[in-house]
Structure formats: structure tokens, C-alpha cells
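Trainee: Got a structure here, written out as C-alpha cells. Questions coming.
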Amino acid sequence: MDIGSVAATPLAQPQASALGGMQDAQARVADASAQIASGNLDPAVVLDLSSAQVDFAANATVLQASQDNSRHLIDMLA
């Protein structure tokens with residue numbers, strides 16, 4: 001699954017930042033997964049994989065909160 005390009009959609013700053021963070025975490029997961037699959041069980045690689053998963057989840061939460069706030073603002077203005 002590819003998250004897509006940040007420049008492809010005009011997003012608000014928090015949303016763009018969260019999306020960029022998710023893309024970075026996705027790339028780190030892919031790199032660490034490839035290293036583990038090739039037999040590199042270095043603890044730093046395993047730790048980077050776990051860290052990237054936490055980073056992805058945190059950025060997904062930021063993206064969801066930003067969307068919720070935008071929705072609430074639109075509801076208030078309507």
C-alpha cells in the first residue's frame with residue numbers, strides 16, 4: 001500500500017505534516033522488513049521497525065484529529 005504524494009493534494013499544514021510522517025514511517029517499515037527478511041536480525045533494525053510502526057500510528061492519530069477539527073469548524077460555520 002502506497003500512501004501517495006504530499007504535493008498531490010492541497011492539504012492543511014497539520015494534515016500534510018501527518019501524511020509526510022506516515023510516508024516516512026512506511027518507507028522505514030519497508031526498509032526494515034526487507035533487512036529482516038534477508039536475515040539481518042540486528043536489534044537496531046528490529047527497533048527501527050517497531051519505532052516506525054509507532055510513528056505511523058501517531059501520525060494517523062494526528063491526521064484523524066485534524067480532520068475531526070476541520071469537520072467541527074465546518075459544522076460551526078454552516
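Derivation of every value follows stated rules applied to the coordinates shown; laboratory data play no part. In this text the structure is predicted, and so the values were computed from the model without any measurement. Note that we place each Cβ from the backbone using ideal geometry, even for glycine, and neighbour counts take in every protein chain shown.
Trainee: Sort 41-51, 59-69 for me by packing, meaning the mean count of neighbouring Cβ atoms within 10 Å per residue, highest on top.
Mentor: The peptides rank, most packed first, as 59-69, 41-51.
Trainee: Work out the charge dipole of the stretch 19-74 with +1 on the Cβ of Lys and Arg and -1 on the Cβ of Asp and Glu about the Cα centre, then indicate which of Pro43, Ala25, Asn59 is farthest towards its positive end.
Mentor: Asn59
Trainee: Turning to a different aspect of this structure: Kindly rank 15-22, 71-78 from highest to lowest mean number of other beta carbons found within 10 Å of each residue.
Mentor: The most tightly packed comes first, giving 15-22, 71-78.
Trainee: Mean shadow of the stretch 13-77, computed from the convex hull of its alpha carbons, in nm²?
Mentor: Values: hull surface 17.1 nm².
Projected over every direction and averaged, the Cα hull of the stretch 13-77 covers 4.3 nm².
Trainee: Can you tell me the length gained on complete extension of the stretch Ala30 to Ala57, counting 0.36 nm per residue apart and subtracting the Cα distance?
Mentor: Additional length available on full extension: 8.2 nm.
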